[in-house]
Amino acid sequence: GGDNEAPEISKREKARLREMQKMKKQKVQEILDAQNAAIEADMNNRGKGRLKYLLQQTELFAHFAKGDPSSSQKKSRGSGRHASKVTEEEEDEEYLKGEEDGVANTRLVTQPSCIQGKMRDYQLAGLNWLIRLYENGINGILADEMGLGKTLQTISLMGYLHEFRGIKGPHMVVAPKSTLGNWMNEIRRFCPILRAVKFLGNPEERRHIREDLLVAGKFDVCVTSFEMAIKEKTTLRRFSWRYIIIDEAHRIKNENSLLSKTMRIYNTNYRLLITGTPLQNNLHELWSLLNFLLPEIFSSAETFDEWFQISGENDQQEVVQQLHKVLRPFLLRRLKSDVEKGLPPKKETILKVGMSQLQKQYYKALLQKDLEVVNAGGERKRLLNIAMQLRKCCNHPYLFQGAEPGPPYTTGDHLITNAGKMVLLDKLLPKLKERDSRVLIFSQMTRLLDILEDYLMFRGYQYCRIDGNTGGDDRDASIDAFNKPGSEKFVFLLSTRAGGLGINLATADVVILYDSDWNPQVDLQAQDRAHRIGQKKEVQVFRFCTEYTIEEKVIERAYKKLALDALVIQQGRLAEQKTVNKDELLQMVRFGAEMVFSSKDSTITDEDIDRIIAKGEEATAELDAKMKKFTEDAIKFKMDDTAELYDFDDDKDENKFDFKKIVSENWIEPPRRERKRNYSESEYFKQTMRQGGPTKPKEPRIPRMPQLHDFQFFNIQRLSELYEKEVRYLMQAHQKNQVKDSIDVDEPEGGRSIDY
């Protein structure tokens, strides 16, 4: 009868397995319940002394707590055990007792033993600060400058909780996808006793992680991306968390964004925000951060706006100082210059370069196209658009559709000779290569990186590239390829904003800013890729600038903003995030117009690179001196206490400008479209802003230069001279006959707008 028993056994076996599965599930659920209950309980204990601690920091909180501390200390969530029983007084009492016993003021003199590698003094200080927040039930923002090891400090906090408090987790780290690999490596490297799970992948991979790894009691830290935190919220909400750590936390400053809303629904004891950029934005964004850190106190945006009413009757400085006070307990920011006396120096040189004939042609046409706006000023949006087009022209005329000869498109010298900055780059790179430097090149425009890629291939330089569209794995692979010992890669191309976050390229010692961001913080963050702890050489920063164009003004404004930020912060106030206003834009757009219109020849010189660098050093020193004077004047200006520092501007020159005059003296009369019958303003705007369907640009038909091969033995030089002559003739005829626009500037290809 052995045969009959076999199916019987397998049936029994299956039942037993099912039973085991069920018990296992039950066990996991029990662990999860216990874990969550403990965290819920702590959640309610956390209130202990928290408000008191805050009130000690600044009397402002009383205002938000509406003078009735109990109202703000409503239990925030869950129904933990102490909820109803503990009164405010008991909490205070217990807190005081803790103070006397010194329990609430742990200060480590040496790092936790579970942390591998040596923490630096300032990192230990950072850990102590995090512990102090933890003991006072406070959420915080770790805002050290890039490269000071915020990741390590955060990991050491988790290690401390594990080692000294017996709290294993679970913690959740939410970070940009590109930095998850880095988080996992750092946890393994610095605190191997923490069991970390990376929650990322396609639905199949995630299912496996959910079922086998992300199981209560089996992990301490879950590392996941912003996208996953939103997509997988059902899974992640099952857990109550000890810490939710948000890396690159400026992503949640808008309290209405999906990410921000999602992060608020998770149950957690603590929230820790990590960001490398200083808090500088407007009050509302600050409120959003405060509301995220202290939801029970900063619950209403209206109260906040009303309290910090930025208006004439309030002394603004006082308001900002108060805000600073509000933030002081939660915010830790150290600068490299304070911390790392040993960090090698960084030297910035502005290299100025002229424009090619083609660039001049476009630059003029762009100004002419919007003559009215440039002459009299117009809406900010239009000025911003003109500014962007002019900056494209400074970078490379091929960023405009139809500018590059082709198809077929060929890579050749024309790629270099048609743009001043390319000529400069082509002189600079061989010199850097010769002295064994390695180079990061930043631009804000992804399509410019495409042009640079063609150029690097043309010149045979090995390179890597990362922009906003680079996938995580490719990113990591590129970074590793560039950083590995003996790497052949000479150049790393990065888009300023995408290349900014969490990317360590300290093996490079030269940074080239091909163009400059409106916001100087962004460029500094870009330089920090190379100028960070671990850098062995002096870092040289070359900032390219097209002379007598909008770029000179953009750079000067950035320098001024940094100078003012520094002053403001020294006064114990917050740096302000100011967007470029209309007048500034107008000044920038007009700057250099006279030079551009006075001749149509290329202004690229054939000086050798050493001479260019020497001139750049002089120009940079001049600008620094100017900034020093600017700072001194600003301080004097501030002595008059009613004035607001950010209003200070040392050169207001709107009055001495007649753009039309410049144009008419130097170039053919602009099209006479404004003098036609139509005086309706809205009609005029409609025409100028024509954004309807794909209207055909009124460009002249420029014949393509045929592809001429060497084996055909044509006189190529003469043919291209004739070709260019014909093109010039067509362009001129076109400008004369033009009825509407001089040039229709197309959107960047692929509909990818370039954000400034």
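The values are calculated or read from the model by the stated rules, or taken from the named source; none is laboratory data. It should be emphasised that the depicted structure is a prediction, and the values quoted were computed from it without experimental measurement. So basically every Cβ, Gly included, is an ideal-geometry build from the backbone, and we count neighbours across all protein chains shown.
General observations
- Of Ser337, Ser356, all but one fail to be among the small types (Gly, Ala, Ser), more than 18 Å from Arg590 (Cα to Cα) and free of Cβ contacts under 8 Å to residues at least 12 places away in the same chain; the exception is Ser337.
- Pairing residues of region 429-443 that are surrounded by fewer than 20 Cβ atoms within 10 Å (Cβ to Cβ) with residues that are assigned to a loop (DSSP other than H, G, I, E, B), at Cβ distances under 6 Å and at least 6 apart in sequence or on separate chains, gives Ser437/Asp509.
- Selection status of Glu372, at pLDDT below 90 and among the acidic types (Asp, Glu): yes
- Any hit, region 282-293, residues being polar (S, T, N, Q), assigned to a helix (DSSP H, G or I) and at pLDDT below 85: yes
- Of all the criteria given as (1) surrounded by 21 or more Cβ atoms within 10 Å (Cβ to Cβ); (2) at pLDDT 90 or above; (3) over 17 Å from Met119 (Cβ atoms), the one not satisfied by Thr179 is (2).
- Residues in region 156-169 that are within 29 Å of the chain's Cα centre (by Cα) and either closer than 20 Å to Leu213 by Cα or among the hydroxyl-bearing types (Ser, Thr, Tyr) (or both): Ser156, Met158.
- Leading residue by the ranking (farthest from Leu390 (Cα to Cα)) among those in region 340-362 that are at pLDDT below 75 and touching a helix residue (DSSP H, G or I) at 6+ places or on another chain (Cβ under 9 Å): Glu340
- Single match in Arg459, Arg465 (criterion: over 20 Å from the mean Cα position of the chain (by Cα) and without any contact (Cβ under 8 Å) to a residue 60 or more places away in the chain): Arg459
- Residues considered: Lys536, Lys560, Lys553. Of these, the only one that is among the basic types (Lys, Arg), farther than 20 Å from Ile613 by Cβ and modelled with pLDDT of 90 or more is Lys553.
- Residue match in region 478-495 (condition: surrounded by 15 or more Cβ atoms within 10 Å (Cβ to Cβ), in a loop (DSSP other than H, G, I, E, B), within 19 Å of the chain's Cα centre (by Cα) and modelled with pLDDT of 75 or more): no
- Residues being surrounded by fewer than 16 Cβ atoms within 10 Å (Cβ to Cβ) and either outside any helix (DSSP H, G or I) or at pLDDT 80 or above (or both) - total across region 563-583: 6
- Pair list, Cβ under 6 Å, 6 or more apart: region 8-30 residue assigned by TED's automatic domain parsing to the domain that holds Thr235 and over 18 Å from Lys218 (Cα atoms), other residue modelled with pLDDT of 80 or more and surrounded by 10 or more Cβ atoms within 10 Å (Cβ to Cβ): none
- Comparison of Gly126, Gly137, Gly117 shows that the only residue that is under 25 Å from the mean Cα position of the chain (by Cα) and small (Gly, Ala, Ser) is Gly126.
- Checked against the criterion of being closer than 25 Å to Leu32 by Cα, modelled with pLDDT of 90 or more and out of contact with any helix residue (DSSP H, G or I) (no Cβ under 7 Å at 6 or more places or on another chain), the candidates Cys191, Cys222 yield just one match: Cys222.
- Positions within region 507-521 being in a loop (DSSP other than H, G, I, E, B) and free of Cβ contacts under 8 Å to residues at least 60 places away in the same chain, in sequence order: Ser516, Asn519
- Members of region 711-731 that are without any contact (Cβ under 8 Å) to a residue 24 or more places away in the chain and more than 19 Å from His414 (Cα to Cα): Phe711, Gln712, Phe713, Phe714, Tyr729
- Just one of the listed residues (Ala376, Ala365, Ala387) is at negative phi and free of Cβ contacts under 8 Å to residues at least 40 places away in the same chain, namely Ala376.
- In region 713-753, the qualifying residues are those that are of a type in the set (Val, Ile, Thr) and either modelled with pLDDT of 50 or more or in the same structural domain as Lys360 (by TED's automatic domain parsing) (or both), and the one that is nearest to Cys393 (Cα to Cα) is Val727.
- Of all residues in region 439-450, those being under 15 Å from Leu513 (Cα atoms) and in a helix (DSSP H, G or I) number 3.
- Where a residue in region 159-184 is not assigned by TED's automatic domain parsing to the domain that holds Lys118 and its partner, wherever it lies, is of a type outside the set (Gly, Ala, Ser), with Cβ under 8 Å and at least six apart: none
- Checked against (1) at pLDDT below 80; (2) in a helix (DSSP H, G or I), Ile297 meets all criteria but (2).
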